[in-house]
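Asks: My questions will all concern the structure given below.
The values are calculated or read from the model by the stated rules, or taken from the named source; none is laboratory data. Source: prediction; values computed, not measured. Neighbour counts run over all protein chains shown; Cβ positions are idealised from the backbone, glycine included.
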Amino acid sequence: MRRPQIATWQVTLAVFLVLVGFLVVLQVRAGRTIRREVQLPTLRVRDLAVLVRQQEEALGSLQAEVEDLRAKLGEYESAAAQGRSSAETLAREVDFYRMVLGLRGVDGPGVIVRVSERPIPGGVVAPSVQAGDLSGLVNELWSSGAEAIAVSGVRVLATTGFKQDEDTIVAGIFRLEPPYEIHAIGDPHVLQAALNLRGGFVEGLRSVGLMVEVNDSDKLRLPAYRGPLRFRHGRPSP
């Protein structure tokens, strides 16, 4: 039995198909390589875009934090300024109340009132200065607008009382020695006019034989009050 002979065109076709298949395989592999090379930069760009976005968000967060810290610093500086202002205001108020309470020495214009016994010849006993006389003069000066008063160098407050202790006058806890001299700071003309009023307290003292001299002064210096400020009987109301 004879084998069939393979035609030349069949061999050529087979070779052609093999070549075509080989080319197809090469093309497919080359396409995959190109896609991988194209996709790789795309993925890197996406990663970089994500990183850039994250950095921008972080920068925005830091900027917001900086603004917040600046605002807090402004609040602290404002509070510090207000604290200094409050402290200065309180210091002025404390200084004012210390003056009102007589705890600070003060200077200013005013009057000087000297009270003494009138010498009488012939052995006649002259009337002596009493605690009520000094108390009345001090009250006259307060009611005439005196801002600060001292008697024989002792600062007198609204709570200072005068009492007679045998031959000595006591102002608060301080003993006074004659001749008695009252310094009062205020308007000199007003104070002098009030004391020299006809029929007033000074004229009454002169009528009983006491010597009362009233002189104005451009500058008086009164010491601070040195006595106790405690209340023995009074208590703050609830």
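Asks: Looking at the stretch 86-97, is at least one residue polar (S, T, N, Q) and more than 37 Å from the chain's Cα centre (by Cα)?
Replies: No - not one qualifying residue is present in the stretch 86-97.
Asks: Within the stretch 143-189, work out how many residues are of a type in the set (D, E) and either under 15 Å from Y225 (Cα atoms) or touching a Phe, Trp or Tyr at 6+ places or on another chain (Cβ under 7 Å) (or both).
Replies: Qualifying residue count, the stretch 143-189: 1.
Asks: Hey, P188 hits all of (1) buried (at least 18 other Cβ atoms within 10 Å of the Cβ); (2) more than 15 Å from W142 (Cα to Cα) but one; which does it fall short on?
Replies: Here P188 meets the rest and fails (2).
Asks: From the list G199, G161, exactly one residue is surrounded by fewer than 14 Cβ atoms within 10 Å (Cβ to Cβ), out of contact with any Pro (no Cβ under 8 Å at 6 or more places or on another chain) and farther than 24 Å from R232 by Cα. Which is it?
Replies: Matching residue, one of G199, G161: G199.
Asks: Out of curiosity, is I149 part of a strand (DSSP E or B), at pLDDT 95 or above and in contact with a Leu (Cβ under 8 Å, 6 or more places away or on another chain)?
Replies: Spelling it out, I149 is indeed part of a strand (DSSP E or B), at pLDDT 95 or above and in contact with a Leu (Cβ under 8 Å, 6 or more places away or on another chain).
Asks: Counting only residues that are assigned to a helix (DSSP H, G or I) and either modelled with pLDDT under 80 or not hydroxyl-bearing (S, T, Y) (or both), how many does the stretch 93-121 have?
Replies: Filtering the stretch 93-121 down to residues assigned to a helix (DSSP H, G or I) leaves 93-100.
Imposing the further condition that a residue be either modelled with pLDDT under 80 or not hydroxyl-bearing (S, T, Y) (or both) reduces the set to 93-96, 98-100.
Total satisfying the criteria: 7.
Asks: If you check R206, R232, R221, R175, which single one turns out to be of a type in the set (K, R) and part of a loop (DSSP other than H, G, I, E, B)?
Replies: Values: R206 fails: part of a loop (DSSP other than H, G, I, E, B); R221 fails: part of a loop (DSSP other than H, G, I, E, B); R175 fails: part of a loop (DSSP other than H, G, I, E, B).
When all the criteria are applied, what remains is R232.
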